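**Student:** Sharing a structure here in structure tokens format.
The values are calculated or read from the model by the stated rules, or taken from the named source; none is laboratory data. Note that the structure is a prediction, hence the values are computed from the model and not measured. Positions of Cβ are backbone-derived with ideal geometry, glycine not excepted, and every protein chain shown enters the neighbour counts. For accessibility, only protein heavy atoms count, side chains too; no ligands or nucleic acids. Shrake-Rupley method; radii C 1.70, N 1.55, O 1.52, S 1.80 Å.
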Amino acid sequence: MNNIKELFNRVKESKPLIHHITNTVTINDCANVTLAIGGSPVMATETNEMEEMIQLADALVINFGTIHEQVFESMIRAGGAANRKGIPVIFDPVGVGATSFRTSKSQILLDQVKMDIIRGNVSELHALIGGSSQTKGVDAGEVSVSPIEIANRAAVKYKCSIGISGKEDVISDGKRTFILQNGDEILTKITGTGCMSGSIIASFAAVSEDPLNATMVGMSVMSIAGQRAKQHLKLNEGLGTFKAKLIDEIDLMNAETFNLEVRIHEY
Ligand SMILES: Nc1ncnc2c1ncn2[C@@H]1O[C@H](COP(=O)(O)OP(=O)(O)O)[C@@H](O)[C@H]1O
Ligand SMILES: Cc1ncsc1CCOP(=O)(O)O
Ligand SMILES: [Mg+2]
């Protein structure tokens, strides 16, 4: 991964504005991790203010978590404005594959908005390349194809960088593929760790020209912070404390800690 120290510094110095059109479950957590990594969050969904808000923004996150017709219209408007302005667009296809509504909306969105990065779990990305999966609402289910193949195919199909989270995270732009071995299963026990990692990725993408690198660094930050927060849990501390410690670790993360902990290799 390139220039970790410079990337961290650039986010902290320029405080990129990350416009989120996201779900009502994890919206507050996404705003807080954006602040923790050094970015500046705004969460706006009114269709009529999308173009103006994008004029202020440095990156756009579109997250399908609680997608409905009205907010979908805002996603199309904001996505179009972001593409015209040339800022990175990050898509989290939460729950795609679970219902035909989500799957068909994702296809319309991907036809109309060029994504720079798509980040999701393995069932969601499998659905985006036309596969079926035993998706469990918003959580990953069993899929018959390897995440490496799914990431490659999705990257080629949508001409963008792909991040697939799981026990090992897979990151690909269709030419190069990386496997990230950080993380801890406890990250799946609180809601929103996938959504939050989208906010971190967007913060890095906003200050760099390299979406593949931004995806690798962003996903690594979440997985490393998760394993460190788990290590720092004391006796009698559980998931509530874990979540607070996770945000602490994202706040405290720097290039030294990152480089010491990261376990990534090219496939
Ligand atoms: N089985 C696992 N072991 C370790 N880390 C995991 C595991 N599953 C997911 N993670 C980590 O949890 C975070 C969220 O991933 P995931 O749960 O797949 O996303 P989502 O919340 O979108 O379904 C990522 O940092 C990922 O690396
Ligand atoms: C539980 C839930 N339901 C709709 S959105 C959402 C949050 C999903 O967050 P994540 O994909 O990061 O676990
Ligand atoms: Mg998710």
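**Student:** Which residues, taken from the stretch 109-127, are part of a helix (DSSP H, G or I) and in contact (Cβ under 8 Å) with a residue 12 or more places away in the chain?
**Tutor:** First pass over the stretch 109-127, keeping only residues part of a helix (DSSP H, G or I): 109-112, 122-127.
Matches in the stretch 109-127: L109, L110, Q112, V122, S123, E124, L125, H126, A127.
**Student:** Quick one: which residue in G130, G137, G194 is open to solvent by 10 Å² or more (accessible area, probe 1.4 Å), free of Cβ contacts under 8 Å to residues at least 12 places away in the same chain and closer than 22 Å to S104 by Cα?
**Tutor:** Details: G137 fails: free of Cβ contacts under 8 Å to residues at least 12 places away in the same chain; G194 fails: free of Cβ contacts under 8 Å to residues at least 12 places away in the same chain.
Of G130, G137, G194, the one residue that is open to solvent by 10 Å² or more (accessible area, probe 1.4 Å), free of Cβ contacts under 8 Å to residues at least 12 places away in the same chain and closer than 22 Å to S104 by Cα is G130.
**Student:** Scanning the stretch 32-54 for residues that are assigned to a helix (DSSP H, G or I) and closer than 17 Å to A205 by Cα, which turns out farthest from ligand 2 (Cβ to nearest atom)?
**Tutor:** Applying the first criterion (assigned to a helix (DSSP H, G or I)) to the stretch 32-54 yields 32-37, 47-54.
Filter once more, so that each one left must be closer than 17 Å to A205 by Cα: 33-37, 54.
Numbers: V33: 11, T34: 14, L35: 18, A36: 16, I37: 16, I54: 23 Å.
The qualifying residue farthest from ligand 2 (Cβ to nearest atom) is I54.
**Student:** Here is a further query. Using the structure shown, decide if L180 is closer than 30 Å to R153 by Cβ and touching a residue at least 40 places away in the same chain (Cβ under 8 Å). Lay out the reasoning, then the answer.
**Tutor:** Numbers: closer than 30 Å to R153 by Cβ: yes; touching a residue at least 40 places away in the same chain (Cβ under 8 Å): yes.
Criteria met by L180.
**Student:** Return the residue satisfying two criteria in turn: it lies in the stretch 14-31 and is among the polar types (S, T, N, Q) and out of contact with any helix residue (DSSP H, G or I) (no Cβ under 6 Å at 6 or more places or on another chain), and of such residues it is nearest to ligand 2 (Cβ to nearest atom). Can you show your working first?
**Tutor:** Step one: filter the stretch 14-31 for residues among the polar types (S, T, N, Q), giving 14, 22-24, 26, 28.
Still in the list and also out of contact with any helix residue (DSSP H, G or I) (no Cβ under 6 Å at 6 or more places or on another chain): 14, 23-24, 28.
Numbers: S14: 26, N23: 4, T24: 8, N28: 12 Å.
Filtering the stretch 14-31 for residues that are among the polar types (S, T, N, Q) and out of contact with any helix residue (DSSP H, G or I) (no Cβ under 6 Å at 6 or more places or on another chain), the one nearest to ligand 2 (Cβ to nearest atom) comes out as N23.
**Student:** Identify all residues within the stretch 232-255 that are charged (D, E, K, R) and either open to solvent by less than 40 Å² (accessible area, probe 1.4 Å) or over 16 Å from V11 (Cβ atoms) (or both); write none if there are none.
**Tutor:** First pass over the stretch 232-255, keeping only residues charged (D, E, K, R): 234, 237, 243, 245, 248-249, 251.
Selection gives K234, E237, K243, K245, D248, E249.
**Student:** Only one residue in D210, D173 is under 16 Å from the mean Cα position of the chain (by Cα), open to solvent by 20 Å² or more (accessible area, probe 1.4 Å), more than 16 Å from ligand 3 (Cβ to nearest atom) and closer than 24 Å to G39 by Cα. Which one?
**Tutor:** Values: D173 fails: closer than 24 Å to G39 by Cα.
Unique residue meeting the criteria: D210.
**Student:** Return the residues of the stretch 136-150 that are small (G, A, S) and away from ligand 1 (no atom under 13 Å from the Cβ); say none if nothing qualifies.
**Tutor:** Taking the stretch 136-150 as the starting set, the residues that turn out to be small (G, A, S) are 137, 140-141, 144, 146.
Selection gives S144, S146.
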